[in-house]
Amino acid sequence: MDYKSQMMAYQREKAYMKYPLASKTWDEAEYQAVMKVFGGDYYKMGSYCKQFEKAYAEWAGTKYAVFCNSGSSANLLAIAALRHDPRFLTDKRDEIIVPAVSWSTTYYPVMQLGYKPIFVDICDKTFNIQIEDLEKKITPNTRAIFTVNLLGNPCDFGALKRLCEQHNLVLLEDNCESMGASYHGKKTGSHGLIGTQSTFFSHHICTMEGGICVTDDELTYELLISLRAHGWIRDVENEALFYTYFEKPESELYEHFHFVLPGYNFRPTEIQGALGLEQLKKLDGFINERIINAEYFQNTMLKLNSGLQFQQEQEDGQSSWFWFGLLCEHKEQRDVLARILKKQGVDCRPIVSGNMLRQPIFSNLAQPEKFPNAQKIHDCGLAIGNHHYDAQKEIDYFTQVFQSHILTTEVS
């Protein structure tokens with residue numbers, strides 16, 4: 001299919017979809033920000049990106065933020081910073097604990113950096129990592145817990161921090177779906193050594209593609225800066241700290257061409273930085289609308305007596321409600337519901353990607369059936385969209401479809 005045909009097909013699908021999974025968060029401010037960048041002559045990572053990093057760190061309540069080209073890259077940078085931290089090179093523990101339900105690029109960096117992912121079941125109520133199973137999986141080889149705040153819902157950080165302190169583990173957070181969530185009033189992404197965020201189209205803010213790592217540790221910040229751009233020292237800010245651990249360049253000539261880490265090219269562009277600055281101004285309002293929508297959705301579904309179970313907030317936490325995660329009573333009901341919703345213009349999808357141990361790439365790492373709650377998510381789970389605007393009309397439409405086609409349909 002050529003580009004023109006692809007665009008026509010996309011427009012037809014968009015026009016048909018009455019309740020989409022995601023929607024555009026830009027207005028004239030974002031377009032003007034892009035044009036301002038185009039009006040200059042500097043497009044690669046520069047002052048706009050730096051301003052966005054500073055503003056995001058302040059909003060997130062962390063000392064440092066490192067902007068990069070995607071949330072997936074942010075995850076890879078986080079694991080690489082752990083792997084190449086010169087303070088811990090003698091630590092030979094090679095296992096990192098991960099939940100069985102998440103996006104693929106939670107796991108790939110763990111494997112790509114030479115660690116072994118140890119899968120843990122999830123809680124069938126919060127959809128987050130199950131503390132009881134996690135405790136059983138900690139061994140003398142466990143190096144870190146890479147937890148995931150799923151669909152906007154914060155994890156049980158009280159329990160996670162206790163276990164990390166007890167076993168001398170590093171806590172990392174994949175917060176790509178949960179920007180603006182909080183636990184005990186502290187924003188998710190800021191509870192561990194490094195937290196990662198995504199600014200992809202469907203997420204809480206959009207810079208087209210984009211990701212962020214946040215940390216309070218200065219050397220970790222400098223490692224992330226170096227790893228983001230080729231592993232060189234050019235962008236390092238605290239050279240005195242950095243050169244405590246790494247060799248200085250041989251001469252002034254090589255100051256910008258001195259490579260000390262096996263880095264990447266994950267730099268964002270000035271366009272993404274300018275977009276981020278505008279989106280950040282609106283972020284609190286976006287999150288507030290998502291919370292209001294979630295309250296309306298839950299109250300509506302409770303009145304229906306639908307039999308569906310929906311994701312519950314972590315105790316002492318506030319979700320930023322990325323999507324609405326639902327569990328049907330059994331797989332056949334889920335499959336029927338998914339078919340009807342799509343036919344009626346309500347977009348839906350699996351909860352993230354279900355039990356990742358049922359995906360071919362991970363199938364040799366553990367037996368899927370040993371993760372019963374992840375299995376339940378895989379077989380019975382469904383996600384529908386939430387939005388940054390008042391979505392009561394869309395939720396009412398979903399309710400109408402559900403009442404008309406599901407409550408009146410027997411599924412044996």
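Things worth noting here:
- The spacing between the range 258-292 and the range 183-218, judged by their C-alpha centroids, is 9 Å.
- For Ser47, solvent-accessible area (1.4 Å; no DNA, RNA or ligand), Å²: 70
- Translational diffusion of the range 145-252, µm² s⁻¹ [Kirkwood Rh, Cα pairs; Stokes-Einstein; 37 °C; 0.692 mPa s]: 213
- Protection proxy ranking, peptides 115-126, 205-216, average beta carbon neighbours within 10 Å, highest first: 205-216, 115-126
- Taking the 1.4 Å solvent-accessible surface of the range 67-195 as the whole, the part contributed by carbon and sulfur is 50%.
- For a straight C-alpha distance cut-off of 14 angstrom, the aspartates and glutamates reachable from Lys44 (same-chain residues fewer than eight places away being disregarded) are Asp235, Glu270.
- Under 15 Å from the Cα of Lys24 - aspartates and glutamates, other chains or at least 8 residues apart: Glu209, Glu278, Glu289, Asp390
- Comparing Leu304, Leu275, Leu253 in a Gaussian network model of the chain (Cα springs below 10 Å), the most mobile by mean-square fluctuation is Leu253.
- Angle in degrees between helix 331-343 and the longest Cα principal axis of the chain, rounded to the nearest 10: 90
- Largest-first ordering by accessible area, 1.4 Å probe, given options Thr25, Thr269: Thr269, Thr25
- Full-stretch length increase - Asn299, Asn168 - with 0.36 nm per residue and alpha-carbon distance subtracted: 42.9 nm
- Heavy atoms of Glu247: accessible area, 1.4 Å probe, square angstrom to 10: 140
- Counted over the chain, the DSSP beta bridges are approximately 60% antiparallel.
- Computed over protein heavy atoms with a 1.4 Å probe, the carbon and sulfur contribution to the accessible area of the range 248-290 reaches 51%.
- Expressed as a fraction of 2.2 N^0.38 Å, the value expected for a compact globular protein of N residues, the C-alpha radius of gyration of the range 275-392 is 1.21.
- Shape of the chain, Cα gyration tensor, a/c cut at 1.5: oblate
- Bridgeable aspartates and glutamates around Lys137 (alpha carbons under 12 Å apart, same-chain partners fewer than 8 residues away excluded): Glu95, Asp121.
- Working note: 222 nm ellipticity from helices only, DSSP H runs with n ≥ 4, each -39,500 (n - 2.57), summed and divided by the residues of the chain, gives -12500 deg cm²/dmol to the nearest 500.
- Gyration tensor (alpha-carbon) shape descriptor, the range 50-126, a/c threshold 1.5: oblate
- Computed over protein heavy atoms with a 1.4 Å probe, the carbon and sulfur contribution to the accessible area of the range 320-363 reaches 49%.
- With θ taken as phi - 60° and the Karplus curve 6.51 cos²θ - 1.76 cosθ + 1.60 applied, the whole-hertz 3J(HN,Hα) list for the range 182-188 is 8, 10, 6, x, 9, 5, 5 Hz, x standing for glycine and proline.
- Probe 1.4 Å, accessible area per residue of the range 161-234, Å²: 28
- Here the dipole of the chain is about 860 debye; that uses its Cα centre as origin and unit charges on the Cβ of Lys and Arg (positive) and Asp and Glu (negative).
- Local electrostatic count at Glu218 - Lys and Arg +1, Asp and Glu -1, tallied over other residues with Cβ under 11 Å: -3
- Over 21 Å (Cα to Cα) - which of Lys303/Lys393; Lys161/Lys376; Lys54/Lys187; Lys50/Lys282 fall in this group: Lys161/Lys376
The values are calculated or read from the model by the stated rules, or taken from the named source; none is laboratory data. The model shown is predicted, which means the values in this text are computed figures rather than measured ones. Every residue, glycine among them, receives a Cβ derived from its backbone with ideal geometry; neighbour counts consider all protein chains shown. Each accessible area value is taken on the protein alone, full model and side chains, heavy atoms only, with ligands, DNA and RNA left out. Shrake-Rupley method; radii C 1.70, N 1.55, O 1.52, S 1.80 Å.
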